[in-house]
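Asks: Please read through the structure below; I'll follow up with questions.
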Amino acid sequence: MSDNTNGETKKEGCVGCGCGGGGGGSLPPVAAQDARRGFMFKFGAGLLGIGGALAAVPIVGYIIGPARSRYRNEWVDLGATTLFPSGQTRFATFLNPIRQPTDGDAAKTACWVRCVETGKFQVFAINCAHLGCPVRWFEQSKLFMCPCHGGVYYQDGSRAAGPPPRGLFEYKWKVEGGKLLIDAGRLPGLEESV
Amino acid sequence: MNRDAIIKLLKQPVQWVEERTGVIAFSAPLLTHHVPRSAKWWYVFGSATLMFFTIQIVTGVCLGTMYAPSASNAWESLRYIDEEIPLGWMLRALHGWSSSAMVVMMAIHMLQVFMHGSFKYPRELNWITGVFLLLTVLALAFTGQVMRWDQDAYWGLGIGAAIVDRVPVFGDQMRALMLGGPIIGGETLNRFFALHVFILPGAAIGLVGIHMTLIMKNGISEMPKPGEIVVPSTYRKEFEERMHKTGVPFFPDAAQRDMVFCGVCLILLVFLAAYYGPFGPGGMPDPTLINTNPRPDYPFMWIFGAVSLLPPASETAIMLISPVIGIAILVAVPFLSNSGERAPSRRPGMMLLAVFVVMAIVALTWEGVTSPWSPVMNGWSALPTPTQFVKGRTPLQMQGAVVFQYAQCRNCHELGGFGGKRGPALDEIATRMSPDQIVRQVQQGGGNMPAFGKNLNSAQMTAIVDFLSTLRPANEPDSTIPGAQLPLPIKSPLTLNEPFTGTGVPAEIATGASSR
Ligand code: FES
């Protein structure tokens, strides 16, 4: 194999070198050959490197895209405020404003709406502040309980017991035209208040 | 035609291929290489792991012909495979059971190699490629669980995302990278699909290739004997001499044992799959169906257990750092000791370590399965109050039993052996706490119990305390001492988690109470 390659290189070298080729098969001195081969190698490596980098831009960009792009939360309509009577905590669902065509049911999102008093709300994310399992509301004891590791929260969302490091995540809300809107989108995370 | 002519005729195409590919010259040593005569039944587990891996590839490709890798259809397509495609359920069952079997075989193989010190010179890299194979297979198991795209998969991803989110500085970006966006959705499933069917199997096949090449290069280690120590400078030469003199060809001497064991495993696998059927899919992946109790698959149960038992204050650090340390230790094993004794009897410390690790994983798995830290979410509505706790009680006490149930106390506390295990069982609470202490505990909480002060009115509180004060065996006194001054002075904050040994109670009663 290596013999073959050398043969090719020699010929190519001769064609490209402009040595006149007076002697037909006469070869340039060994030193010149080596120098040319060294150059060819570096040239090839350089070309491959540039080509690889060019090809890598879209590939890497495609894969890390989601980490860079700025998805916007949007105001989502949870329905008329009358659905949430004063002093009660109610379950509500909405379609996530950030969604893709293939999300299916996964784009549905749930939250807990507490109407503290008429016109004053607290809207909690369904995700436990510990590791994100769905918390459930217990009207009788006025507690949220998490099925995963036993996190418990009071009705105002503050941590009552268990491993969660903080209270429940809360959505920003506003009332417009008699409807309750929340600022929703990305999955709630530890570092932010939603 | 005579026999020789036939053989010659048959040989011709073989020679034709061999002359052009060298495939026989290349692969013959795989069968003919010498292995130690002492390599007996201990050595079958690696082969069995490889066999299960092969089953995974075959069944995986089959499932790939029907599975819809899209969050909007994946769950339905699995149901379709289970219910409509002939034998589809069996293919899924084989894939699922073989996956568990592969993890188990791999663990046993690794344990055997560790106990026999087979990772020592010159097989350090055999061990290290094995560690990476283990990680790859675990990653395959996790991504495979995601492929089911049911509630466990969805919330399991949520837990994974929440852990990744805790990485300092880059947590948010890493979470987005993992989920393929800001939510768990279509892109998440497809990312995990690409990992599960392209990247990880490719990595596993490559690693298996390296692992096998190293086995061919370094030979199979002999059964360890006390006193036969590994000296790197002379080991290889002596080993090769011994193989030459006393070794036996892999095929058929060692292979026959592999064949027997793999055969038994395979038959068991088919029966298990046929009898128990496929894993899931569980509830549909609709995050608004929150009456769910997310649990990981068995290979990860011990991690679930460990995460639940971590002290909250340090849990982030432990969750993020311990996997790194764990992997580093596994990789470092052959570097920490690559020569000397291999016999288990001469390495008692290592044996203790192995036993400890196995026991820890078994115990954590058990904790994960029983998850005593999780409230029984329907305890309050579904569990009866055992008759012995209501018989002969006053109306007020019975009212208390109702409040006890109504206020979801039962979700975390057992009565008569049923209920949550998050808090202590209350069958004999009156022997440990006086009514005043009960009031205080219920009102203010503490010791991992929420405060119920705001949620119970005074009538409810009176009733519940009256009821709880009756909870003690008939022959045991309650915690109020005849003649003692009431209320009992409470000097230190008392929690339900600590047995009451406190203040002003004669020692014999206190011990009697806490000996339960
Ligand atoms: S996820 Fe809720 S307690 Fe862990």
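The values are calculated or read from the model by the stated rules, or taken from the named source; none is laboratory data. Note that the coordinates shown come from a computational prediction; the quantities given were computed from them, not determined experimentally. Cβ atoms come from the backbone with ideal geometry, glycine included; neighbour counts cover every protein chain shown. Each accessible area value is taken on the protein alone, full model and side chains, heavy atoms only, with ligands, DNA and RNA left out. Shrake-Rupley method; radii C 1.70, N 1.55, O 1.52, S 1.80 Å.
Asks: Please pick out the residue among B:P294, B:P278 that is surrounded by 12 or more Cβ atoms within 10 Å (Cβ to Cβ) and either within 14 Å of another protein chain (Cβ to nearest Cβ) or β-branched (V, I, T) (or both).
Replies: Checking each option against the conditions leaves just B:P294.
Asks: Going residue by residue through segment B:252-267, is there one that turns out to be in contact with a Leu (Cβ under 7 Å, 6 or more places away or on another chain) and open to solvent by less than 60 Å² (accessible area, probe 1.4 Å)?
Replies: no
Asks: Another question about this same structure. For segment B:34-66, which residues satisfy the criterion of being hydroxyl-bearing (S, T, Y) and either within 14 Å of chain A (Cβ to nearest Cβ) or under 30 Å from B:S221 (Cα atoms) (or both)?
Replies: B:S38, B:Y43, B:S47, B:T49, B:T54
Asks: How many of the residues in segment A:120-168 are near the ligand (Cβ under 6 Å from one of its atoms) and within 14 Å of B:K454 (Cα to Cα)?
Replies: Qualifying residue count, segment A:120-168: 0.
Asks: When you check A:G79 against the structure, is it among the small types (G, A, S), assigned to a strand (DSSP E or B) and more than 16 Å from the ligand (Cβ to nearest atom), yes or no?
Replies: yes
Asks: Something else now. Just name the residue that is nearest to A:G185 (Cα to Cα) out of those in segment A:103-139 that are surrounded by fewer than 19 Cβ atoms within 10 Å (Cβ to Cβ) and among the polar types (S, T, N, Q).
Replies: By that ranking, first place goes to A:Q122.
Asks: If you go through segment B:163-174 one residue at a time, do you hit one that is of a type outside the set (F, W, Y) and at positive phi?
Replies: Yes, there is a match, as at least one residue in segment B:163-174 is of a type outside the set (F, W, Y) and at positive phi.
This table checks each residue for (1) open to solvent by less than 80 Å² (accessible area, probe 1.4 Å); (2) closer than 30 Å to B:Y298 by Cβ; (3) away from chain A (no Cβ under 14 Å); (4) in contact (Cβ under 8 Å) with a residue 12 or more places away in the chain.
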site	(1), (2), (3), (4)
B:M351	yes, yes, yes, yes
B:P386	yes, no, yes, yes
B:Q397	yes, no, yes, yes
B:Q405	yes, no, no, yes
B:G419	yes, yes, no, yes
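Asks: Does segment B:196-217 contain at least one residue that is touching an Asp or Glu at 6+ places or on another chain (Cβ under 9 Å) and more than 14 Å from every other protein chain (Cβ to nearest Cβ)? It would help to see each step written out before you state the result.
Replies: Just the residues of segment B:196-217 that are touching an Asp or Glu at 6+ places or on another chain (Cβ under 9 Å), to begin with: none.
Checking segment B:196-217: not a single residue is touching an Asp or Glu at 6+ places or on another chain (Cβ under 9 Å) and more than 14 Å from every other protein chain (Cβ to nearest Cβ).
Asks: Please enumerate the residues belonging to segment B:161-187 that are out of contact with any helix residue (DSSP H, G or I) (no Cβ under 7 Å at 6 or more places or on another chain) and either within 16 Å of the ligand (Cβ to nearest atom) or under 15 Å from B:F300 (Cβ atoms) (or both).
Replies: Within segment B:161-187, B:A162 is the sole residue that qualifies.
Asks: Give the residue, chosen from A:R99, A:R68, A:R114, that is basic (K, R) and over 22 Å from the mean Cα position of the chain (by Cα).
Replies: A:R114
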